[in-house]
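Colleague: I'd like to ask some things about the structure below.
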C-alpha cells in the first residue's frame, strides 16, 4: 500500500507538472520525478531488509521466552531463562552465528506471556518465539513457524479423589491456562459432550497448580509434559493423579516473523543440523534428565525433521 501511495504521489505530481513542462518547466518535472523514484527505491529497500540483516547489523538475536511454562520455557531460581526450548534456541543461535558468519552472536531475551507472545513477534520486539507454542492453521495466519521442535498432547491432572473422566466433571470447576489451544479444546470437548463444567482460566501454570492444591478446581488441563513438572512441584505430589490419556496431539515449533522466508530457512537449517548431528540428545537431557526416553512419536519427529543439506 505504501508503494502505491508513493507511485500515486508521483503520478499526481506528473499530471500537475505537464503544463509547466510543456511551457518550458521540463527541469522542474525531472527533479520531482527523480525524487519520487528515489523515495520509492528507499522504501522498497527498507521493506526487504529482514531479520537476517538486522541480526548482522546489531550482532544480536532476540529470543522471546515465557517465565511460567516449565519445562520448556521458564525463569529459573537465578531469574535466568531456562527450559528445553530455550536451550534449543540457544543452539539455534550458535548455529546461526556460523551460518551467517557472525562471530560471537549475542542473545537478548524478551519475556512474554501466553497473551502477548505473538504480538512480540508481529511488532518486531523479538525474532524467535521460544516456548511451548502449538502450531495451528489459525496461528499460521499471524506468524510463521519453523520445523517441529517437540510433540506433546493435552491431558489433565486431578486430585487423588477427583474426577476420573469427563462425565464426572459435570458441575465441578476445572482449570486451564487462558488463551491456549488447550482451553479451546477443553471448551469444545465439554460442550460437544453436553457436560456443564465451570471452566476457570488461570493466568499462569503456577496459578493453576495453586488452584488444584487448594481445592478451588477439581482438575487442571495442560500439555502432559507441563503437567508432569507441575506435579513434581506440587505441595503434595502424592495427592495428585496424572492421567495417561491424551486429549490432543500438540506439535510445537518456533515462532517467526510472518513472510520472512530467508530467516525461516536459516532457522530450519540450524534445527536440521542439531537433529541430524545428535546435538538434540544432550539438550533434552539437560531438561528431562539423562534417563529420559524418547517416545516413538518424538523419535519419528526428529528423524523426519533431520533434513539433509
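Colleague: For region 58-76, which residues satisfy the criterion of being touching a helix residue (DSSP H, G or I) at 6+ places or on another chain (Cβ under 6 Å) and part of a strand (DSSP E or B)?
Modeller: Passing the criteria: 61, 63, 64, 65, 68, 73.
Colleague: Tell me the residue from 76, 122 that is closer than 18 Å to residue 145 by Cα and either assigned by TED's automatic domain parsing to the domain that holds residue 256 or without any contact (Cβ under 8 Å) to a residue 12 or more places away in the chain (or both), please. Steps first, please.
Modeller: Numbers: 76 fails: closer than 18 Å to residue 145 by Cα.
Of 76, 122, the one residue that is closer than 18 Å to residue 145 by Cα and either assigned by TED's automatic domain parsing to the domain that holds residue 256 or without any contact (Cβ under 8 Å) to a residue 12 or more places away in the chain (or both) is 122.
Quick grid of which residues meet (1) over 25 Å from residue 117 (Cα atoms); (2) crowded, with 17+ Cβ neighbours inside 10 Å:
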position	(1), (2)
275	yes, yes
279	yes, no
284	no, yes
288	no, no
294	yes, no
297	yes, no
304	yes, no
309	yes, no
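Colleague: Out of (1) surrounded by fewer than 18 Cβ atoms within 10 Å (Cβ to Cβ); (2) touching a residue at least 40 places away in the same chain (Cβ under 8 Å); (3) within 26 Å of the chain's Cα centre (by Cα), what's the single condition that is false for residue 184?
Modeller: Among (1) surrounded by fewer than 18 Cβ atoms within 10 Å (Cβ to Cβ); (2) touching a residue at least 40 places away in the same chain (Cβ under 8 Å); (3) within 26 Å of the chain's Cα centre (by Cα), the lone unmet condition for residue 184 is (2).
Colleague: Keeping to region 138-154, report how many residues are surrounded by 22 or more Cβ atoms within 10 Å (Cβ to Cβ) and within 17 Å of residue 221 (Cβ to Cβ).
Modeller: Number of matching residues: 2.
Colleague: Here's something else I'd like to know. Only residues that are assigned to a helix (DSSP H, G or I) and either out of contact with any helix residue (DSSP H, G or I) (no Cβ under 8 Å at 6 or more places or on another chain) or at pLDDT 95 or above (or both): list them for region 186-205, please.
Modeller: 186, 187, 188, 191, 192
The values are calculated or read from the model by the stated rules, or taken from the named source; none is laboratory data. Bear in mind that the values here come from a model prediction, so they are computed numbers and not experimental data. When we count neighbours, we look across all protein chains shown, and the Cβ atoms used for this are built from the backbone with ideal geometry, even at glycine.
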